[in-house]
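Any read-out appearing in this document is the output of simple, stated calculations on the displayed coordinates, not a laboratory observation. What you are looking at is a predicted structure, and each value in this text was computed from that prediction instead of being measured. Backbone-built Cβ (ideal geometry, glycine too); neighbour counts: all protein chains shown.
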């Protein structure tokens with residue numbers, strides 16, 4: 001009985017250590033991916049994928065990385081269990097990349113896979129290579145072969161000994177389009193206003209506004225960036241308005257009426273051009289990269 005308990009305890013400890021190592025691998029891998037994307041300032045250009053893959057990625061706003069760990073098998077087989085049950089039902093998957101990191105650089109090689117579903121049905125495939133020639137990974141497109149919201153699937157690789165000898169890390173990178181609203185959790189307590197807005201005089205223009213997520217109620221789940229320049233529009237809209245302030249026809253009418261002494265509201269100094277922000281944050285305990293639109297002011301005008 002004591003021996004059996006000891007064996008169970010060892011197996012449980014191995015599972016805990018394996019899960020911890022997997023979490024560390026996922027964290028480090030997705031942070032590296034985020035840094036590459038930030039350097040290029042583009043979700044697509046920061047990826048080492050070929051043109052065929054990038055065609056599928058034009059409308060994505062979310063990237064998930066799912067680390068895979070090889071399960072114990074005989075020497076001729078690599079087996080990875082796959083769970084995609086954390087995808088949202090309204091999340092449109094554009095591409096699933098099967099990414100392999102090797103101990104040495106190798107030329108792109110075709111791969112033979114077996115996909116096994118929860119009903120133990122098997123499908124033999126030869127996925128397309130989608131990694132670019134200068135990529136440090138070998139990447140394959142398996143989008144059409146996995147069930148996107150399933151919990152029990154497996155990827156099996158048989159008798160490809162070159163891969164078993166040199167495999168360092170395997171993962172799935174899921175590129176999708178999900179609702180992009182910046183949904184914030186409700187604050188646990190009311191926060192006092194401690195910052196007074198500085199009165200700005202002069203024509204309408206953009207001014208710096210630095211936001212520190214650590215000072216907000218949801219800062220704990222944002223990993224990067226911790227601080228960014230959101231920008232703010234301040235100043236007066238002159239009369240009459242010129243085209244340099246990007247006014248709408250309605251704003252032009254307001255300006256003309258106000259110039260003629262009508263006591264109506266003048267056009268307001270507001271953002272007329274915004275840019276997105278890529279965030280690395282925890283989504284239901286999983287790290288994801290997501291592009292949120294309209295987060296940073298690029299240019300101001302009168303509307």
- Task: State, to one decimal in nm, how far the label point of residue 103 lies from the label point of residue 148, with both points 7 Å from Cα in the Cβ direction.
- Result: 3.8 nm
- Message: For region 237-303, take N as its residue count and report Rg(C-alpha) divided by 2.2 N^0.38 Å.
- Response: 1.68
- Message: Sorting check: for 42-54, 83-95, which peptide has the highest mean count of neighbouring beta carbons within 10 Å, and how do the rest follow?
- Response: 42-54, 83-95
- Using the 10 angstrom Cβ neighbour count as an exposure proxy, how do 284, 234, 164 rank, fewest first? 284, 164, 234
- May I ask you to derive the FRET efficiency for residue 230 and residue 89 from their Cβ-Cβ distance with R0 = 35 Å, giving the value to the nearest 0.05? 0.65
- Stokes-Einstein D for region 21-177, Kirkwood Rh over Cα pairs, 37 °C, 0.692 mPa s (µm²/s): 204 µm²/s
- Let me have the relative contact order for region 21-177, percent, based on Cα pairs under 8 Å that are six or more residues apart. 34 percent
